[in-house]
Amino acid sequence: MSILEQELRRELVRFGTWVSRSGQTPGTTGNLLVRLDDERRLATPTGMSKALMKQTDMVITDLRGRLISGSRNVTSEIGMHVAIYVRRSDVQAVIHSHPPIATAFAGSGRAIDEVLCQEPIMTLGTVPLAQYATTGTDEVGASLGPHIATRDAIMAQ
């Protein structure tokens, strides 16, 4: 294992703990992926609380999202991550989380495109709402497609 991979595993555990403790990934929801190199991605495993992960729990996928290393399973949402990495060579990491306020907006069918509070707009710009797609299907990645090139945050219904 390279020094870079060791460091990225530590960082995924650290950020996983942070997003879990801050209420952004309740239960076992959400996942984090990071570019390991041009051919592989390092990811948090599916079905596991991000607050309980260890470095050894991480999985490695190929560019299509197929498991190539690790004893746990890859998230069913891997297609979403693949879609982002394919369209955005500048993206080094993806966080899929469920922030309560953003989830409320998405659940009510609203994008974050009004200045109700300045901070989100100032830091992220507007956050579009992707069309509904069933969790774990290829349609999730496709629903994000129209927004990936121009946005750093996207909400899904």
Zone reached by a paramagnetic label modelled 7 Å from ILE101 Cα along Cα→Cβ, restricted to the stretch 122-157 with backbone N below 15 Å, covers 122-127
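Please report the net charge: other residues with Cβ closer than 11 Å to the Cβ of ARG41, K and R +1, D and E -1.
Working: positive: ARG35, ARG40, ARG64, ARG66; negative: ASP37, ASP38, GLU39, ASP62.
After counting each charged neighbour, the total is 0.
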Within the set VAL140, VAL13, VAL86, GNM on the chain using Cα springs under 10 Å gives the largest fluctuation to VAL86
For ARG9, ARG66, ARG72, what's the fewest-to-most ordering of other Cβ within 10 Å of each Cβ? ARG66, ARG72, ARG9
Round to the nearest 10 and give me the degree value, 0 to 90, for the angle of helix 78-87's Cα axis relative to the longest principal axis of the chain. 80 degrees
Semi-axes (Å, rounded, descending) of the ellipsoid equivalent to the stretch 72-157 per its C-alpha gyration tensor are 22, 15, 12
Find out how many positive minus negative residues lie around ILE148, taking Lys and Arg as positive, Asp and Glu as negative, among other residues whose Cβ is under 13 Å from that of ILE148. +1
Folded to 0 to 90 degrees: helix 3-21 orientation relative to the chain principal axis, Cα: 40 degrees
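So for the chain, Kirkwood radius off the Cα pairs, Stokes-Einstein at 20 °C and 1.002 mPa s: how many µm² s⁻¹?
On the way: Rh = 16.0 Å.
This corresponds to a translational diffusion coefficient of 134 µm²/s.
Would you compute, from DSSP H runs of 4+ residues alone, the mean residue ellipticity of the chain at 222 nm, taking -39500 (n - 2.57) per run and dividing by the full residue count, rounded to the nearest 500? Intermediate results must be reported in sequence, preceding the final value.
Working: 5 runs with 55 residues, N = 157.
Using -39500 (n - 2.57) per qualifying helix, the result is -10500 deg cm²/dmol.
Taking R0 as 22 Å, what FRET efficiency do you get between ARG40 and ASP152 from their Cβ-Cβ distance, rounded to the nearest 0.05? Each step should come with its number before you reach the end.
Working: r = 23 Å, r/R0 = 1.03.
For ARG40 and ASP152, the calculated efficiency is 0.45.
When Lys and Arg each count +1 and Asp and Glu each count -1, what net charge do the other residues less than 14 Å away from ILE3, Cβ to Cβ, add up to? Could you put the intermediate results ahead of the total?
Working: positive: ARG9, ARG10; negative: GLU5, GLU7, GLU11, ASP37.
Charge balance near ILE3 sits at -2.
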Under a plain spin-label model, where a point goes 7 Å from the Cα along Cα-to-Cβ, how far apart in nm are ASP62 and GLN6? 2.9 nm
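Where a number appears in this text, it was derived from the coordinates with a stated rule and is not lab data. Treat the numbers as computed from the prediction; the structure is a model and nothing was measured. All Cβ positions, even for glycine, are placed from backbone atoms using ideal geometry, and neighbour counts span all protein chains on display.
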